[in-house]
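The values are calculated or read from the model by the stated rules, or taken from the named source; none is laboratory data. What you see is a predicted model, and the numbers here were worked out from it, not measured in a lab. Cβ placement follows ideal geometry from the backbone for every residue including glycine, while neighbour counts extend to all protein chains displayed. When the accessible area is computed, the model is the full protein with side chains, heavy atoms only, and any ligands, DNA or RNA have been set aside. Shrake-Rupley method; radii C 1.70, N 1.55, O 1.52, S 1.80 Å.
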Amino acid sequence: MKMAAVSLIVPIYNVEKYLEKCLQSIEKQIFDDYEVILVDDGSIDNSRKIAELFIRKDPSKFKLIHQENQGLSGARNKGLLYATGEYICFADSDDYLEPLYLKEMYDQAKKNDADMVFCAFASVDEQGNFIKEIHEQGFMEGETYSIYGKPELLLIQNAAWNKMYKRSIISKNGLLFTSNVWYEDLRFVKKYMAFCERCIYCDKVLYNYLIRSGSIMNSMASERNLEIIGAILEIQEFYQKELGTNQFWNEIEFIAIDHMYISTTVRLIRAHGKNYKELIGKLVDKFKREFPNYKKNPYISKMDKRRKIVFHLLNLKMYNLIYILFAIAS
């Protein structure tokens, strides 16, 4: 049996409202040599029935796997077990792809013998309205990068879904998504990049990321935001112990500044939940113990103006002012 050039893995869990649009966008790809591995992670709504419709339409392209609920990481890992493609992509089941997503990514991968291709993407709302485009700065199409020649490559967007990976690298190095945690994309992508010699940027918006307002508000108030601590420390330990290097200390420290100190703290401030000050205290104390010299990080100067303002307000513990600023902005 001929193996597919690309395996596209789609975890599914209670997404009946969004799944058909996602799968239609996959069905309409201007590219033929791919398989779609749908992993139903114990859905209790109509998601399974929707997935089965696509299986019946094209059983040679779509494959459906069922499992008891194991979360996003468990579903992606299950998909990796069944993938046969030379390259791997992931799509979240509430998002949707541009028709050229697979073709552009695969063409770039083959042309450059790339270990990873990453593309620009857009965020959209539940009505399909465009919110903004996210492009990586400092990377040119056609140029080859690795973290060993350009360490700031480690600072690109953490998402697993706007990237194409070599299955051989994943298999050879035993890479999996950490189960039952938040920030699983950050953990997987940063580890994968340690084994890449040739990374290529595709500066085309090929993926549409859905921002669901209800899920955002729930996640903002969750104590699970503190799992960013474990994610950062997991990456730090991986590079120090598994690879035996402190070469990327500045980059890992800045990932902590950007995602742990700024983004997660601001999320807790905006939620303004009952225990938000206690949670912020735990987060900030741990951050400052692990990265006591963070104010000297060279990447701080490259932050945009708004982020620098928030950074300085956090240093002054002016949390109420940050809350007001974001309330006005929204």
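List of remarks:
- Residue 85 vs. criteria touching a helix residue (DSSP H, G or I) at 6+ places or on another chain (Cβ under 9 Å) and on the phi > 0 side of the Ramachandran plot: no
- Leading residue by the ranking (surrounded by the most Cβ atoms within 10 Å (Cβ to Cβ)) among those in the range 13-53 that are charged (D, E, K, R) and more than 22 Å from residue 67 (Cβ to Cβ): 21
- For the range 72-89, the criterion of a residue being over 20 Å from residue 210 (Cα atoms), touching a Gly at 6+ places or on another chain (Cβ under 7 Å) and without any contact (Cβ under 8 Å) to a residue 40 or more places away in the chain is satisfied by no position.
- Helices (runs of 4 or more DSSP H) completely within the range 143-247 that count 2 or more residues being modelled with pLDDT of 95 or more: 167-172, 184-193, 227-237
- Look at the range 109-137: where a residue is in contact (Cβ under 8 Å) with a residue 24 or more places away in the chain and among the polar types (S, T, N, Q) and a partner is open to solvent by 30 Å² or more (accessible area, probe 1.4 Å) and assigned to a loop (DSSP other than H, G, I, E, B), sitting 6+ places away or on another chain with Cβ atoms under 7 Å, you get 112/144; 112/198; 123/211.
- Filter pass, residue 304 being free of Cβ contacts under 8 Å to residues at least 40 places away in the same chain, acidic (Asp, Glu) and over 19 Å from residue 194 (Cα atoms): yes
- Filter result (open to solvent by 90 Å² or more (accessible area, probe 1.4 Å), at pLDDT 95 or above and in a helix (DSSP H, G or I)) within the range 306-330: 312
- Annotation: of all residues in the range 64-105 being modelled with pLDDT of 95 or more and small (Gly, Ala, Ser), the one that is nearest to residue 19 (Cα to Cα) is 93.
- Flag for residue 10 being outside any loop (DSSP other than H, G, I, E, B), under 16 Å from residue 165 (Cβ atoms), open to solvent by less than 10 Å² (accessible area, probe 1.4 Å) and in contact with a strand residue (DSSP E or B) (Cβ under 6 Å, 6 or more places away or on another chain): yes
- Across the range 221-249, the qualifying residues are those that are polar (S, T, N, Q) and crowded, with 17+ Cβ neighbours inside 10 Å, and the one among them that is farthest from the chain's Cα centre (by Cα) is 236.
- Listed by first and then second residue, the pairs linking a residue in the range 258-281 that is open to solvent by 10 Å² or more (accessible area, probe 1.4 Å) to a residue that is not in a helix (DSSP H, G or I), with Cβ atoms under 6 Å apart and 6 or more places separating them unless they lie on different chains, form an empty list.
- Taking the criterion of being part of a helix (DSSP H, G or I) and open to solvent by 30 Å² or more (accessible area, probe 1.4 Å), the residues of the range 54-66 that qualify are 55, 56, 57.
- Residue list for the range 283-301, restricted to those being surrounded by fewer than 14 Cβ atoms within 10 Å (Cβ to Cβ), assigned to a helix (DSSP H, G or I) and not hydroxyl-bearing (Ser, Thr, Tyr): 285, 288, 289, 295, 296, 298
- The range 76-132, subset in a helix (DSSP H, G or I) and polar (S, T, N, Q), residue surrounded by the most Cβ atoms within 10 Å (Cβ to Cβ): 77
- Scanning the range 161-185 for residues that are among the aliphatic types (A, V, I, L, M) and either without any contact (Cβ under 8 Å) to a residue 12 or more places away in the chain or crowded, with 22+ Cβ neighbours inside 10 Å (or both) yields one hit, 164.
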